[in-house]
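Presented below is the structure to which this report refers.
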Amino acid sequence: MRDTHLHKGLRQQLVRELKSKGVNDERILKAFAEIPRHYFLDKAFAEWAYKDVAFPIDADQTISQPLTVAVQTHLLQIEKGDKILEIGTGSGFQACVLLHMGAKVYTIERQKKLFESTHLLLTEIGYGSVRTLFGDGYAGAPRFAPFDKIIITAGAPFIPQALVDQLRPGGILVIPLGEGETQQMIRLTKREDGTLKQENFGHFRFVPFLKGTQ
Ligand code: SAH
């Protein structure tokens with residue numbers, strides 16, 4: 001895989017576009033400037049990697065739109081050393097953004113084929129320290145809980161209690177909620193007494209959060 005001056009230039013352009021759309025977190029912009037997003041798409045579609053659109057990857061899934069990745073990442077309020085659980089590995093790009101920002105990342109994918117190809121890719125491109133797990137994200141990853149932050153990158157019909165349980169007190173969970181065409185971006189903050197604060201950040205579009213593995 002090659003990362004050329006052309007790719008770097010396209011990344012700078014994408015960063016400018018994200019800035020113009022309101023992304024102002026320097027650490028997120030730096031991740032977008034440095035991570036070769038074209039590695040996460042089929043080679044034939046490399047030119048699409050730096051446009052602000054969602055794009056199909058293997059197994060009928062999508063790599064989230066850059067702006068959506070930036071928004072979800074921002075809502076997580078990442079601090080260096082945060083232990084994060086991502087549900088929906090997909091291409092692996094979101095996981096790499098979190099790793100790039102200094103987090104310790106666990107990510108779960110329900111599709112075996114996609115899990116395997118993304119695991120391989122992350123190792124090849126130097127992001128092998130992302131811990132990839134195969135399984136049903138509805139169950140979370142109790143073996144590695146509690147987490148400081150949890151991010152769901154598929155449209156969820158409801159907030160799975162198992163994920164709330166695996167969040168530490170003071171932790172943050174970001175989830176696109178809703179079964180229809182679009183979802184509401186919800187941020188839950190778990191208070192020290194276990195109660196939840198809920199905030200809504202508007203409409204986004206995701207592939208569905210499905211039960212079981214395949
Ligand atoms: N974060 C990804 C976006 C992937 S799209 C990226 O940066 O590219 C959502 C992903 O969630 C898909 O790969 C889909 O297979 C996966 N998914 C859906 N339901 C799931 C579940 N129950 N457990 C784990 N992954 C799931």
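The values are calculated or read from the model by the stated rules, or taken from the named source; none is laboratory data. As the structure is a prediction and not an experimental result, all values here were calculated from the model. A quick note on method: Cβ atoms are made from the backbone with ideal geometry, for glycine too, and the neighbour counts reach across all protein chains shown. To get the accessible areas, we keep the full protein, side chains included, count just its heavy atoms, and leave off ligands, DNA and RNA. Shrake-Rupley method; radii C 1.70, N 1.55, O 1.52, S 1.80 Å.
Summary table below
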{"item": "Qualifying residue in region 28-40 (condition: open to solvent by 60 Å² or more (accessible area, probe 1.4 Å), more than 27 Å from residue 210 (Cβ to Cβ) and under 19 Å from the mean Cα position of the chain (by Cα))", "result": "yes"}
{"item": "Those residues of region 83-102 which are open to solvent by 10 Å² or more (accessible area, probe 1.4 Å) and under 17 Å from residue 30 (Cβ atoms), in sequence order", "result": "94, 99, 100, 101, 102"}
{"item": "Any hit, region 32-53, residues being touching a Ser or Thr at 6+ places or on another chain (Cβ under 9 Å), small (Gly, Ala, Ser) and under 27 Å from residue 116 (Cβ atoms)", "result": "no"}
{"item": "Identity of the residue in region 47-86, farther than 21 Å from residue 172 by Cα and of a type in the set (S, T, N, Q), that ends up modelled with the highest pLDDT", "result": "65"}
{"item": "Hits in region 104-115 (condition: open to solvent by 10 Å² or more (accessible area, probe 1.4 Å) and more than 6 Å from the ligand (Cβ to nearest atom))", "result": "104, 106, 112, 113, 115"}
{"item": "Search result, residues across region 56-98 that are in a helix (DSSP H, G or I), under 25 Å from residue 146 (Cα atoms) and more than 12 Å from the ligand (Cβ to nearest atom)", "result": "71, 74, 75, 76"}
{"item": "Neighbours by Cβ (under 9 Å, 6+ apart or cross-chain): first from region 170-191, over 15 Å from residue 210 (Cβ atoms); second part of a strand (DSSP E or B) and of a type in the set (Ser, Thr, Tyr)", "result": "170/189; 171/189; 172/189; 173/189"}
{"item": "Hey, residue 214 in a loop (DSSP other than H, G, I, E, B) and under 30 Å from residue 41 (Cβ atoms) or not", "result": "yes"}
{"item": "So residue 212, is it more than 15 Å from the ligand (Cβ to nearest atom), on the phi > 0 side of the Ramachandran plot and open to solvent by 10 Å² or more (accessible area, probe 1.4 Å)", "result": "no"}
{"item": "Residue in region 150-169 that is hydroxyl-bearing (Ser, Thr, Tyr) and without any contact (Cβ under 8 Å) to a residue 40 or more places away in the chain present", "result": "no"}
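Residue-wise test of (1) over 24 Å from residue 201 (Cα atoms); (2) without any contact (Cβ under 8 Å) to a residue 12 or more places away in the chain.
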position	(1), (2)
26	no, yes
36	yes, no
52	no, no
56	yes, yes
64	no, no
67	no, no
87	no, no
117	yes, no
120	yes, yes
